[in-house]
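Okay, so here's the structure we're looking at.
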Amino acid sequence: MSAYPWPVGKRAAVMISIDVDADTPLLWRTRAEPEMRFIAELEQRQHGLRHGLKALQDVLARHQTAATFFVPALVAERAPTLLPALISAGHEVGLHGYAHETVREVSDAEFTAALERSIRIFEAQTGKTPRGFRAPGWEMTAHMLAEIARFGLYDSSLAGLDWPYTLGKITEIPISWAREDTARFKLTGLADRWPPTGPDQVLAEWIFDYEATAADGGLFVLTLHDWIAGRPAQLRVLDALLSRIRADEATWIATGAALAEYHRAQSLPGFAVPHR
Ligand SMILES: [Zn+2]
């Protein structure tokens, strides 16, 4: 059983996070090519900003649930009403790279430039400094952690514990690959490495995971994507999962920023940033 000191009356926590990747991973992957030769994948990815994101927000609103949306700044730049609309609906917006750069493909200097540029765009569009960061592809370097700390951001990309923890100077709100939608539902062509899983099976797995995590006093972070989770069957999974979670009064449903702020106030011992 986790000994994490949740707020009075609460025994576990849930964070619903939505990564608004849209077409940025595809644009990043093909950035050296002069012509877009992936119209089919591009169309799949357009679904999020065209409709999926709105449908996801409708499900969240029905369950009075505030979520955290991690948005590449390039997406925000091209859809300038997106961040203000999410904030006015009661959600949190967090950083997710500028162009969804992946860690192996950018230098330390390029990461810093993308982070600073993204923060400026978020501040210009929302009038507020973002509080959280999520690494594209959930991989990080020591340089990235140091830069996240320099801007006082929490991170939500690592999975070293089943509840919030401190890594170096960073507050970590841990994710889980088992509670992520692309590994279950993404199918952009028959060359994809895994077959999609049936939505009913995923719902059963996520409810099983939630109940185990809640019984253990942990934090259940769900990660969805705008272009994957806004389809009818996937919306039904989220709807049913939120119905189950909201039946537990002792579960705290919180944004990443609320969890990070709470964690910092606990002053618990942390862990050193790993190095070779
Ligand atoms: Zn992403």
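The values are calculated or read from the model by the stated rules, or taken from the named source; none is laboratory data. Owing to the predicted nature of the structure, the values given are computational and were not obtained by experimental measurement. Here Cβ is always computed from backbone atoms with ideal geometry, including for glycine, and neighbour counts include all displayed protein chains. Protein only, heavy atoms only, side chains kept; ligands, DNA and RNA dropped before computing areas. Shrake-Rupley method; radii C 1.70, N 1.55, O 1.52, S 1.80 Å.
Are any of the residues in region 54-77 open to solvent by 60 Å² or more (accessible area, probe 1.4 Å), part of a helix (DSSP H, G or I) and under 21 Å from ALA99 (Cβ atoms)?
Yes, the conditions are met somewhere in region 54-77.
Looking only at region 138-183, count every residue that is surrounded by fewer than 21 Cβ atoms within 10 Å (Cβ to Cβ), free of Cβ contacts under 8 Å to residues at least 40 places away in the same chain and not hydrophobic (A, V, I, L, M, F, W, C) and tell me the total.
7
What are the residues in region 117-126 that are touching a helix residue (DSSP H, G or I) at 6+ places or on another chain (Cβ under 9 Å) and open to solvent by 50 Å² or more (accessible area, probe 1.4 Å), if any?
Correct list: ARG117, ARG120.
Given (1) small (Gly, Ala, Ser); (2) free of Cβ contacts under 8 Å to residues at least 12 places away in the same chain; (3) buried (at least 19 other Cβ atoms within 10 Å of the Cβ), where does GLY132 come up short, assuming only one miss?
(2)
Based on this model, can you work out whether PRO7 counts as on the phi < 0 side of the Ramachandran plot, away from the ligand (no atom under 16 Å from the Cβ) and surrounded by fewer than 24 Cβ atoms within 10 Å (Cβ to Cβ)? Before the answer, list the steps.
Numbers: on the phi < 0 side of the Ramachandran plot: yes; away from the ligand (no atom under 16 Å from the Cβ): yes; surrounded by fewer than 24 Cβ atoms within 10 Å (Cβ to Cβ): yes.
Spelling it out, PRO7 is indeed on the phi < 0 side of the Ramachandran plot, away from the ligand (no atom under 16 Å from the Cβ) and surrounded by fewer than 24 Cβ atoms within 10 Å (Cβ to Cβ).
Please verify whether region 15-36 includes one or more residues that are acidic (Asp, Glu), surrounded by fewer than 19 Cβ atoms within 10 Å (Cβ to Cβ), away from the ligand (no atom under 15 Å from the Cβ) and not in a helix (DSSP H, G or I).
Yes, there is a match, as at least one residue in region 15-36 is acidic (Asp, Glu), surrounded by fewer than 19 Cβ atoms within 10 Å (Cβ to Cβ), away from the ligand (no atom under 15 Å from the Cβ) and not in a helix (DSSP H, G or I).
Give me the helices (runs of 4 or more DSSP H) completely within region 185-276, filtered to those with at least 3 residues that are within 17 Å of the chain's Cα centre (by Cα), ordered by residue number.
226-229, 232-246, 256-266
Kindly provide the set of residues from region 198-257 that are β-branched (Val, Ile, Thr) and within 16 Å of the ligand (Cβ to nearest atom), ordered by number.
VAL221, THR223, ILE228
Among the residues of region 194-213, which ones are of a type in the set (Asp, Glu) and open to solvent by 40 Å² or more (accessible area, probe 1.4 Å)?
Scanning region 194-213 gives ASP200, GLU205, GLU211.
List the residue pairs whose Cβ atoms are under 7 Å apart, where the first residue sits in region 3-30 and is under 19 Å from LEU95 (Cα atoms), the second is away from the ligand (no atom under 16 Å from the Cβ) and hydroxyl-bearing (Ser, Thr, Tyr), and the two are 6 or more positions apart or on different chains.
Listed by first residue and then by second, the contacts come to MET15/THR255; ILE16/THR65.
Condition (residue is touching a strand residue (DSSP E or B) at 6+ places or on another chain (Cβ under 9 Å) and within 19 Å of ASP23 (Cα to Cα)) applied to region 59-70: is it met by at least one residue?
yes
Quick check on region 214-231. Is at least one of its residues open to solvent by less than 10 Å² (accessible area, probe 1.4 Å) and polar (S, T, N, Q)?
yes
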